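This report concerns only the one structure given below.
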Amino acid sequence: MDKIPMTAEGFAALEVELKMLKGTERPAIIKAIATAREHGDLKENAEYHAARERQSFVEGRIAELEGVISHVEVIDPSTMSGTVVRFGASVLVYDEDADEEITYRVVGSHEADIAQMRISITAPLARALLGKTIGDVVEVTTPGGKKSYEVCDVSFG
């Protein structure tokens, strides 16, 4: 498997989630299963089935996080500079259709969160912006049609 680019903050967040799942969730689920077993017949025991379902979800998430963490390549954007859009860059763009400026940060796919304006390096907008510099205009095809963005500023850190 290829290396997965990620910022230090994104990597730390994954490690915190993994630690919580292993240290808090897993023991709580084991206790819930044991308590549900004490109630007798497991075939009709909703608590037992719910706990087992939760256990399955948590174990799957633990396996996923361990797989991702083992392939992460942490990239520190604060060591970068320049005006070319690269991984970790904060990019101020002018949305020509909406007539507004928006700042996006290009991050790894496992740490993307549009509510915090962090877009995945694999997202169409990020792919269009990569390699561009201040003053460049990119056109991105969205479900609502084509949108144009002008790169106004690029910063790292």
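Rule-based calculations on the coordinates, nothing more; no lab input. Predicted, not measured: the structure shown is a model, and the values here were computed from it. FYI the Cβ positions are ideal-geometry reconstructions off the backbone, even for glycines, and counts take in every protein chain you see.
Charges only on Cβ, +1 for Lys and Arg, -1 for Asp and Glu: so what's the dipole of the chain about the Cα centre, in debye to the nearest 20?
Magnitude of the dipole: close to 620 debye.
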Report task. Name the residue, out of F57, F87, F11, whose mean-square fluctuation peaks in a Gaussian network model built on the chain with Cα pairs under 10 Å. Result -> F57
Report summary line: With +1 at each Lys and Arg Cβ and -1 at each Asp and Glu Cβ, the charge dipole magnitude of the stretch 40-100 around its Cα centre, to the nearest 20 debye, comes out at 440 debye
Query - Cα-Cα pairs of the chain separated by more than 23 Å (percent) - result: 52 percent
Report task. Keeping to pairs on different chains or 8 or more places apart, tell me how many lysine pairs in the chain have Cα atoms under 29 Å apart. Result -> 9
**Report entry** Net charge, A28 excluded, C-beta distance under 12 Å - Lys, Arg +1, Asp, Glu -1
**Finding:** +3
Report summary line: Given the candidates V72, P27, V106, the one whose Cα lies deepest towards the positive end of the charge dipole of the stretch 6-157, counting +1 at each Lys or Arg C-beta and -1 at each Asp or Glu C-beta, is P27
Query raised in the report: How long is the stretch 54-142 along each principal axis, judged by its Cα atoms, biggest number first, in Å?
Result: 50, 30, 19
Query raised in the report: Where is the GNM fluctuation largest for the chain (alpha-carbon springs, 10 angstrom cutoff): R118, R52, R105?
Result: R52
Report summary line: When all Cα-Cα pair distances of the stretch 4-74 are considered, the percent exceeding 16 Å is 54 percent
Report summary line: Listed residues H49, H71, H110; largest mean-square fluctuation, Gaussian network over the chain with Cα springs below 10 Å, found at H49
Query raised in the report: What number, in nm² with one decimal, is the all-direction average of the projected area of the convex hull of the alpha-carbon atoms of the stretch 90-157?
Result: 4.5 nm²
